[in-house]
Structure formats: C-alpha cells, structure tokens
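Input: a single structure, listed below in structure tokens.
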There are 2 protein chains.
Amino acid sequence: MRVYLDCWPCFLRQALSAARRAGASPKLQRLILEETMAELRALSADATPPEMGERIHRLVRERAQSPDPYLDVKREATEQALALLPVLRAHVETADDPLRTAVRIAITGNIIDYGVAETFDLEATLERVLHAEAPIDDLPVLRQALGEVDEVLYLADNAGETLFDRVLIEALPVPVRYVVKAGPVLNDATREEAIAAGLDQVAEIIDTGCDAMGAPLALCSSAFRERFRRARLIIAKGQANYETLSGVDAPICFLLQAKCSVIAEDIGVAPGSVIIQASEVLRRY
Amino acid sequence: MRVYLDCWPCFLRQALSAARRAGASPKLQRLILEETMAELRALSADATPPEMGERIHRLVRERAQSPDPYLDVKREATEQALALLPVLRAHVETADDPLRTAVRIAITGNIIDYGVAETFDLEATLERVLHAEAPIDDLPVLRQALGEVDEVLYLADNAGETLFDRVLIEALPVPVRYVVKAGPVLNDATREEAIAAGLDQVAEIIDTGCDAMGAPLALCSSAFRERFRRARLIIAKGQANYETLSGVDAPICFLLQAKCSVIAEDIGVAPGSVIIQASEVLRRY
C-alpha cells in the first residue's frame, strides 16, 4: 500500500508525538516537523507508509539523541498485557472454537499502536474484537493451512501485542518462529520486548535483520528473506506488515484491525474493522 | 491564541479537505499540501490559527480557481438548520430561563465547522449542549450587561450556525448588528448565508470588511473597527473569533464549543466543553 496524501497530516502528528516522547525541546520539535515536511516533499510516489514512518522515527531518534523513545511505553504495554494473560487464556480454554477465539485475541492486541493513538482500552477492545463481524474473515483458509504445514513464520508487530500473539501461538498445532525487529522503531517489539512477554517460552525468536517498520523485504537481512521465501505459512500482524507485504506473492494470513481510515479504505472496509485476510497464494493451498 | 505545533497536522488535514472540496486534481492537492508546508515553515511565532487558516483557504481558492469551495455545504447546513428552527424556538419558549436556553442553542450551532470535522450530528449536539455543565459559565455577566446596553454587536461564525444565532437574537432584549465576513472563507457565513437564514429579519447585517477568519482587527475595515471600538457589548461566536480576539481589551462575551484539543488546553477545559466566557472588560461592568 502506498502513502496517500491523507497520510501526510498523520505523519506530522506522529513526528510531533515521537519528538515529545524523545524529550525534544519545543525548538527541536519544530525542527523535527520541518525535516518531516522536507521528507514528505521528497517521498517517492510508490513509498509505503511504514517506509515514511521509519524515516520519521529514525530522524527523531537521531535529532533527539534518544535511541528508544518508546522504551517506557513498551514496558508499560507489556506489563498491562501480562496482567490480562490469565483472562485471555481463559477465553481460549472455554471457547467452542479455540482457534477462532485465539485469532481474535491476537487481533485484539493490535490496538496497542502508538502510531495511531496515545491511549488504549484493552478490555473494551477485547469485547469488541471477540464479537465483531469481520468483513474479511479467512479463518477457514488459515485453519486448513495450519493442518498442512509443519511450522509458522509469525511476523510480530508491537510490544504488549506480543502477549496476545503468545495466546494464539499457544493454540497453534505447529512450532512457530516469531519475527521481531532487529532494533527499536516506534513501539514495535524487539527481542527484548518479546522475551519480556515470554515469547521465548513458546516460539523461536528471530528478527527481520533491520529496524524498519513492517517487513520491507529489500531492507531485511538475507537470512530473514531466506526464511520468508521458504515459509509455507506466514502470519503477519498489524498494519505495517500489511502495508509492506500486501503486494508480495507469499502464503500470508494478515491479522489486523484497520485502525486508520486510509488503510480501511484501501482494504475496502469500515475503520476499526477486524481483518483476517489470506493472500492469493495461501488461498490456493 | 498563537499557533501551536499541534496545529500543524491539522492545517495539512484542512488544506487537503479544502483542496478536494474545491475539485483539485490529486496533483494539485499535493501541490497545495506542499505550499501549505512552506507557509507553516514561514509562519511567525505570534501568528494565530485563523491567520494560518485564512492563508490555506486563500491558497486553495486561488490554486483550484474555486471562489467558494464551501458554497454547497454552506447551503446544506443552512437548510438543515432551517428545518430545526421550530424545535429550537420551542425550546426557548418552554424554558424556565429563556436566555440561558437561547445561549446554549447559539453554542450548539457552533458544531457546524468544516475546519474541524466533515459531518455533524445537530440533534445529538443540541441535547448535549443544552444540558452540559459549562466549565466557564459567565451567563450572569452577559445577563447583567444586556440590561445595561442599548445594542449588541454580534460576531457571526459559520453558515447554518447563523440559524442558531437567530434564535438567540430573537431572545435578546436589545437590537443587534450581526457581523459576517465580507467574502468567502471556509464555511464562514457571508451576507448571502446570513440572509438565507433570515438574519436580516432580526438584525442589521454588517461585515468585517475582509474575508479573514475570526475578526483580526488589523485586517478588518476601518468602518468595522470603529463599530467594534464603540460597542458596549460584543457577542463573539466560535473558535476563530476567540482565537483572534481573546487578547483584545473589549467588552466581549465569547460563546463557543472548544472543539479541538489545542484550544481546549489553551482555555484550560476538556475538549468539547461549552464556553460562555466574559472578557475582563465585560466583567468590570
């Protein structure tokens, strides 16, 4: 998915929010906004939103000399989600269809996104996502694919969301490689946040080899690209993975909430929709 | 009130929305965003949000060669509000305190603001504003002032909102001069929209002498400035009048909803708050 003009105001908002989280002075905040505007003007027509997001967050980290402005909120999100873990597991244990419930729980965690909002109501989101009608619901495709593969490549998204992923991974019938970012960007999970959420107890943790948002293959390590190429089932969480991989031919099941109106319109659903979308390759299984 | 950095994303959003309303092609939309960013970079530190808004809307009108991009929505807003007029009047007629109710109705109309949102729910807003606790409620000051003056200078805001103003004007005990913009800007009322709402039946319609948002005195005509200087009671509707006049020494009662979080924080209230704020000069009456 390419950057729409509607994304421009949102990028400025994100840049300002990130600059403040990084402790930038008002003068530096203004400089960061000015540099963000220069980046927008120079952006190529086929750039994806995560590419632009990555530039903004790198700019903020460098200018504010703050290697990980979201460290505190990532820790808080993990703690908050850890406290919910027993409730989440109980939902799966008592479910008529544990896979359906576990998938919905993983999608619930996708609300934890500091690129979109500054606060989140996890309990309310859980209620909503568990019971929402999903306008795109390829759960049957995912269920069938899970019966045919011997492992899953699971592309993580944000810190805290990791715990919700863990509940899904615990419900999967095959081993999982859990892919995090190789370095901090926004509130995306790195190895540190994945381990804090205990993902090392349920999966092998690997990384994309870069600190880009989503999984822009050209920027990822060759080791990751090789894993990606060989994977027979990829679960990709969240907007950035969707935005960077929706045009890639691979057996992907995207799990996300269409949190912003631009991505919702691109997918053709209402904002806030629950999306379980199998790629064309996966549908052909 | 000066422009905050938080206003920058909002200005880009407004510029894009206005460009589309003006029928700009995607290429021209992008050019307009780029020029808006250049204006933001060049903005002086003491500029007010309406000053920047005015530049954006002038830019859009010129580049898209569309003298009044909001003409259609102004007409629709007037029609929608006209249909509500009997309900609004009935509220005042049956009120224990007609002035209080009429003031709340005038503030209800302030929701019609295409600078802040693209759609409005007038009925829901009416319910909310009629019954809301106003964190700043200088109605007693306004009531007393109305007993001491022999006319009111009433600074209008947006088309459609004019009808809500009309209900308040019908409840005032003294004659009113109703001040509109001299030319189109955003969805602000000009003489045309004031007459369509029947304001000529309840007030003398004059204008600011310019098409700036709010009432930046330096840009207004000397005739308007003279009226303003001589006025013993000024009712100023909406955010732009607040933003341009909150620092001016004059007997003003501001009536507005603090629709954006920046203005709400500047005033020190929650976003969405109902504001009935008398200036220092008015309080001394």
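Couple of notes before you dig in:
- Some residue of segment B:251-265 being within 17 Å of the chain's Cα centre (by Cα), within 19 Å of residue B:75 (Cβ to Cβ) and hydrophobic (A, V, I, L, M, F, W, C): no
- Hey, residue A:46 within 9 Å of another protein chain (Cβ to nearest Cβ) and touching a residue at least 40 places away in the same chain (Cβ under 8 Å) or not: no
- Test result for residue A:58, surrounded by fewer than 22 Cβ atoms within 10 Å (Cβ to Cβ), within 13 Å of chain B (Cβ to nearest Cβ), in contact (Cβ under 8 Å) with a residue 24 or more places away in the chain and within 19 Å of the chain's Cα centre (by Cα): no
- Search result, residues across segment A:248-267 that are surrounded by fewer than 21 Cβ atoms within 10 Å (Cβ to Cβ) and without any contact (Cβ under 8 Å) to a residue 60 or more places away in the chain: A:248, A:249, A:250, A:264, A:265
- Checked against the criterion of being in contact with a Gly (Cβ under 9 Å, 6 or more places away or on another chain) and farther than 27 Å from residue B:133 by Cβ, the candidates B:225, B:229 yield just one match: B:225.
- Qualifying residue in segment B:83-99 (condition: touching a Ser or Thr at 6+ places or on another chain (Cβ under 9 Å), of a type in the set (Lys, Arg) and modelled with pLDDT of 95 or more): no
- Identity of the residue in segment A:6-24, at the interface with chain B (Cβ under 7 Å from one of its Cβ atoms) and free of Cβ contacts under 8 Å to residues at least 24 places away in the same chain, that ends up nearest to the chain's Cα centre (by Cα): A:13
- Segment B:25-34, subset at the interface with another protein chain (Cβ under 10 Å from one of its Cβ atoms) and free of Cβ contacts under 8 Å to residues at least 24 places away in the same chain, residue surrounded by the fewest Cβ atoms within 10 Å (Cβ to Cβ): B:26
- Whenever a residue of segment B:213-237 is hydroxyl-bearing (Ser, Thr, Tyr), its partners that are crowded, with 16+ Cβ neighbours inside 10 Å, lying with C-beta atoms within less than 9 angstrom and at least six residues away or across chains, give the pairs B:221/B:182; B:221/B:207; B:221/B:208; B:221/B:209; B:221/B:210; B:222/B:209.
The values are calculated or read from the model by the stated rules, or taken from the named source; none is laboratory data. Everything numeric here is computed off the predicted structure, so don't read it as measured data. So basically every Cβ, Gly included, is an ideal-geometry build from the backbone, and we count neighbours across all protein chains shown.
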